[in-house]
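Reading through the structure tokens given below for one structure.
The values are calculated or read from the model by the stated rules, or taken from the named source; none is laboratory data. Bear in mind that the values here come from a model prediction, so they are computed numbers and not experimental data. Note that we place each Cβ from the backbone using ideal geometry, even for glycine, and neighbour counts take in every protein chain shown.
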């Protein structure tokens, strides 16, 4: 699965910090700890000054460490969709990696001329589109460099080595792929709900082939939003009639909503248990968080499941 070493995963949202820790025992990983702490103020992670963000995050983390002795040195952090600009860009597959990065930086600057490109860092990966292999596209994630520095400093201050900062939806997908074999079969939806934003992703054989961030006002709009996205996908050549399952993530997902969406869309929705295949420490047997809110920890756990 990944290198056998103790590791911690953190997910940061606008209102809380979630923490999990895996420890290696007898050549397997044990979920050793799970916790969350709410922030003193809601965070606008894109607009707040980094000094304020760091102070609020550190205070919440101190609340967790006051109850738990950390055993890990490796840290993975997951951040909400609002922290990133996610771009779907065409590219020439004959370009070398360095040339591709320069091309995507140029594209970003053209799309956001009011921003200073050198103040942003980007990562990308190719989209394998099975229905239209040409032209080639990539998903490009862009975030401010100052925030990346802030999280590195946070990790160092707390005795960690930061091994990754991830888009929350991709972290959730890691938890999905580890625990649900059916997610690697055919076409599936992966849906992350975060503060009236829906990260809408289509997965084909375990790899993203489409991603879009959509705004909505209330959860009753979700079936129509899915229908609209399906129409766009159909125009692109995707066989939307083959998409029968949707894996869902987010604090706001409830059984009532899932039942409503299933009836309206004829799609089966699965709230994901990110710890389904993990061995759980006996000391967590009475954990209310693990028993009642396990599905909300998909991003924190999925970040932790990454290679590193």
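Okay, here's what the table says:
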{"read-out": "Residue that is in the same structural domain as residue 118 (by TED's automatic domain parsing) and touching a residue at least 24 places away in the same chain (Cβ under 8 Å), where the choices are 96, 100", "value": "100"}
{"read-out": "Residues that are at pLDDT below 95 and under 25 Å from residue 150 (Cα atoms), drawn from region 23-34", "value": "none"}
{"read-out": "Single condition residue 171 does not satisfy, out of (1) assigned to a helix (DSSP H, G or I); (2) within 26 Å of residue 196 (Cα to Cα); (3) without any contact (Cβ under 8 Å) to a residue 60 or more places away in the chain; (4) in contact with a strand residue (DSSP E or B) (Cβ under 7 Å, 6 or more places away or on another chain)", "value": "(3)"}
{"read-out": "Some residue of region 230-245 being in contact (Cβ under 8 Å) with a residue 40 or more places away in the chain, over 16 Å from residue 176 (Cβ atoms) and within 20 Å of the chain's Cα centre (by Cα)", "value": "no"}
{"read-out": "The lone exception for residue 145 - which of (1) surrounded by fewer than 14 Cβ atoms within 10 Å (Cβ to Cβ); (2) within 21 Å of residue 202 (Cβ to Cβ); (3) touching a strand residue (DSSP E or B) at 6+ places or on another chain (Cβ under 6 Å) it fails", "value": "(2)"}
{"read-out": "Leading residue by the ranking (surrounded by the most Cβ atoms within 10 Å (Cβ to Cβ)) among those in region 239-252 that are modelled with pLDDT of 90 or more and part of a loop (DSSP other than H, G, I, E, B)", "value": "250"}
{"read-out": "Residue among 221, 201 that is assigned to a strand (DSSP E or B) and either surrounded by 14 or more Cβ atoms within 10 Å (Cβ to Cβ) or more than 21 Å from the chain's Cα centre (by Cα) (or both)", "value": "201"}
{"read-out": "Filtered residues of region 270-292 (kept if without any contact (Cβ under 8 Å) to a residue 24 or more places away in the chain and not in a helix (DSSP H, G or I))", "value": "285, 286"}
{"read-out": "Output for region 104-123, where each listed residue is touching a strand residue (DSSP E or B) at 6+ places or on another chain (Cβ under 6 Å) and more than 19 Å from residue 146 (Cα to Cα)", "value": "104, 107"}
{"read-out": "Any pair with Cβ under 9 angstrom, 6 or more apart, that starts in region 20-35 at a residue that is free of Cβ contacts under 8 Å to residues at least 40 places away in the same chain and ends at one that is surrounded by fewer than 23 Cβ atoms within 10 Å (Cβ to Cβ) and in a strand (DSSP E or B)", "value": "24/30; 25/32; 25/279"}
{"read-out": "Scope region 30-68; condition out of contact with any helix residue (DSSP H, G or I) (no Cβ under 9 Å at 6 or more places or on another chain) and farther than 27 Å from residue 82 by Cβ; matching residues", "value": "30, 66, 67, 68"}
{"read-out": "Qualifying residue in region 35-55 (condition: in a helix (DSSP H, G or I), at pLDDT below 85 and surrounded by 14 or more Cβ atoms within 10 Å (Cβ to Cβ))", "value": "yes"}
{"read-out": "Of the criteria (1) at pLDDT 90 or above; (2) under 20 Å from the mean Cα position of the chain (by Cα); (3) surrounded by fewer than 18 Cβ atoms within 10 Å (Cβ to Cβ), which one residue 264 fails", "value": "(2)"}
